[in-house]
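Following: one structure in structure tokens, then a few remarks.
The values are calculated or read from the model by the stated rules, or taken from the named source; none is laboratory data. Being a predicted model, the structure only gives us computed values, none of them experimental. When we count neighbours, we look across all protein chains shown, and the Cβ atoms used for this are built from the backbone with ideal geometry, even at glycine.
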There are 2 protein chains.
Amino acid sequence: MKVEILKDPDVKSLTEILERTIKRRTILISGNCWISYWGRASSKLKPGERIVIIKKDGALLVHRPIGYEPVNWMPGDEIIYHVESEPQQSVDEQSTGGHINFEEPVLSIRAVRLKPRETIKIFFDKVYLFAALNLVDKGEFSLYASEEDMQEAILANPSLIEPGFQPITYEKRVEPGFVDVFGIDRDGRLVVIEIKRRTAGREAVLQLSRYVSSLKGKVNRDVRGILAAPRIARGVQKLLVSLGLEFKSLDPKRCAEILNKKRARSLEEFY
Amino acid sequence: MKVEILKDPDVKSLTEILERTIKRRTILISGNCWISYWGRASSKLKPGERIVIIKKDGALLVHRPIGYEPVNWMPGDEIIYHVESEPQQSVDEQSTGGHINFEEPVLSIRAVRLKPRETIKIFFDKVYLFAALNLVDKGEFSLYASEEDMQEAILANPSLIEPGFQPITYEKRVEPGFVDVFGIDRDGRLVVIEIKRRTAGREAVLQLSRYVSSLKGKVNRDVRGILAAPRIARGVQKLLVSLGLEFKSLDPKRCAEILNKKRARSLEEFY
DNA sequence: GAGTGGATTTCGCAT
DNA sequence: ATGCGAAGTCCACTC
């Protein structure tokens, strides 16, 4: 069955259908609930009307009517669920605060994550909508103009940095941290490139500086440090120069375009 | 009306109800859709069955049947929506990939965010469930065992650090950065405490070291630096010692418990 | 308005 | 397992 929808269901039917569908279907529940969380931190959420999503892999999301982020959540993997119908008497009024319907028993959903150990308990005293959906999703997702794309674009087209630049390795680990791209310029000098997809700040400059310094100490010869980013923060330019580093403007979107062309070309060659 | 639910609605009814409820209700849509995003980066998602949430503040979430994170999203605030019914012919088959139902027109939802400028376009060719919910949520959310709580716990119970420790100020600004807690030990020496809620890494040690150094330069007398955290990263212990700093194990949960007791007590006093 | 740092960050990768 | 760095990070706070 593709979709099972219950409108204003009672706790008994809910308990039953949840036990049957949890971690087998994508589940939507909307109603009045209160929530406690204990684990890496701990939290309490007093009663209110929210949306709860439980996915096939066990991932749990609680969304309030406002805001992009879930108020409570649990990433999938190794989540164990317990569903129970409980008499309302057991609910600690003080801990819940707001209004609770004392007529019917409450639905309790307990999610336990094993690593790290943490628990979310959700209590519903009123459910407006329950839906169990048998969703199939094999659609490919592709993201363009990420930092990884920028790196790939530089490797495919080194002149993006400057004429004569030759990449040698990328994402090479150097003490401390790592370098995004590592190569040689037209004069044979070592070049370390740090890539940022957004405006580069002080942190990026200091990081690059550490790379360059540690490398200089090892190879005992000149090393150029280039910060490749769409822009550099205003005050940071001076710092960059004072540390003997360079800046190269690099637009992530342009990198994405270059990559798209390259990918299209390799597709042509393939056919 | 609290809840409006449509099961297997046609595109025409959807367009109508969406225009009436969007940014006025919490909206749930589940069906077969494909999505493109353009803004800070860009992405494409080929057809598949997902859940779309649109909140009253305009926040948009697209969830696949697996995983904790949304595959596409838009934070609320300054989001403009356009809802249209479109003939399927206009859909670029190549850009969508998988299966598309060519019988009916498709529902298109376009969300435009102004700052930064970005756009999400969602096309549905089949909707299994549509729900518009009039949710009210005023429940208070409280999170415990934050870094701030640990600070508060130390101030309330200074012996957590060591016998005889006396806090003077907290979150005091010192060059560079700031100090979490600042006080005097039983021998009258200055103490700087840096608090970390989780395993303290190299960064925390270096930060504390900077505090202590700059303070020593100013007061021209001995200053102890104590890193208070649940644990310290393995390799970093040596660095800590070599910099003349100390480590004090401090469990955030225990801090939270202490605070809870303290708060309960003050509540008793209040009544 | 931009920069800085934290997050129940999550996620991935490399040691 | 642990640690480090990116993310369409988001978010709050400071300058």
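Scan the strands (runs of 3 or more DSSP E) fully inside segment A:1-58 and keep the ones with 3 or more residues being away from DNA strand C (no atom under 14 Å from the Cβ) and in contact (Cβ under 8 Å) with a residue 60 or more places away in the chain.
Working: elements: A:3-7, A:26-38, A:42-54.
Counting at least 3 such residues, we get A:3-7, A:26-38.
Restricting the search to segment A:188-206, which residues are buried (at least 16 other Cβ atoms within 10 Å of the Cβ) and more than 11 Å from DNA strand C (Cβ to nearest atom)?
A:L190, A:V191, A:V192, A:I193, A:E194, A:I195, A:K196, A:R197
Within 16 Å of DNA strand D (Cβ to nearest atom) and more than 30 Å from B:I258 (Cβ to Cβ): does that describe B:K121?
Yes, satisfied.
Of everything in segment B:74-91 that's under 20 Å from the mean Cα position of the chain (by Cα) and loosely packed, with under 15 Cβ neighbours inside 10 Å, which residue is nearest to the other protein chains (Cβ to nearest Cβ)?
That would be B:D77.
Going by what's in this entry, would A:V62 be described as surrounded by fewer than 23 Cβ atoms within 10 Å (Cβ to Cβ), under 15 Å from A:I122 (Cβ atoms) and within 7 Å of another protein chain (Cβ to nearest Cβ)?
no
What are the residue pairs meeting all of these: first residue in segment A:187-202, first residue more than 15 Å from A:Q237 (Cα to Cα), second residue more than 12 Å from DNA strand D (Cβ to nearest atom) and not aliphatic (A, V, I, L, M), Cβ atoms under 6 Å, and 6 or more apart or on different chains?
A:R189/A:D222; A:R189/A:R224; A:V191/A:G183; A:V191/A:D185; A:V191/A:R224; A:V192/A:F182; A:V192/A:G225
Considering only segment B:120-137, I want to know if a residue exists there that is basic (K, R), within 16 Å of DNA strand C (Cβ to nearest atom) and either more than 11 Å from every other protein chain (Cβ to nearest Cβ) or not in a loop (DSSP other than H, G, I, E, B) (or both).
no
Six or more apart or on different chains, Cβ atoms under 9 Å: show the pairs whose first residue is in segment A:212-236 and part of a helix (DSSP H, G or I) and whose second is aromatic (F, W, Y).
Short answer, once both residue conditions are applied: A:L215/A:F182.
Look through segment B:109-119, keep the residues that are within 16 Å of DNA strand C (Cβ to nearest atom) and within 14 Å of chain A (Cβ to nearest Cβ), and return whichever of them is surrounded by the most Cβ atoms within 10 Å (Cβ to Cβ).
B:R113
Would you tally the residues in segment A:138-151 being assigned to a strand (DSSP E or B) and among the small types (G, A, S)?
1
Taking segment A:230-253 as the search range and keeping residues that are within 16 Å of DNA strand D (Cβ to nearest atom) and in contact with a Pro (Cβ under 9 Å, 6 or more places away or on another chain), which one is farthest from the other protein chains (Cβ to nearest Cβ)?
A:L250
Out of all the residues in segment A:179-208, which are within 14 Å of DNA strand D (Cβ to nearest atom), closer than 16 Å to A:E152 by Cβ and either in contact with a Lys or Arg (Cβ under 7 Å, 6 or more places away or on another chain) or outside the structural domain of A:E246 (by TED's automatic domain parsing) (or both)?
Within segment A:179-208, just A:V179 meets the criteria.
Considering only residues that are under 22 Å from the mean Cα position of the chain (by Cα) and more than 7 Å from chain A (Cβ to nearest Cβ), which ones fall in segment B:38-59?
Those that are under 22 Å from the mean Cα position of the chain (by Cα) and more than 7 Å from chain A (Cβ to nearest Cβ): B:G39, B:R40, B:V52, B:I54, B:G58.
So A:V71 passes all but one of these: (1) within 16 Å of DNA strand D (Cβ to nearest atom); (2) without any contact (Cβ under 8 Å) to a residue 60 or more places away in the chain; (3) surrounded by fewer than 22 Cβ atoms within 10 Å (Cβ to Cβ); (4) more than 19 Å from B:I53 (Cα to Cα). Which condition number does it fail?
(4)
Return the residues of segment B:243-263 that are of a type in the set (G, A, S) and modelled with pLDDT under 90; say none if nothing qualifies.
Across segment B:243-263, the qualifying residues are B:S249, B:A256.
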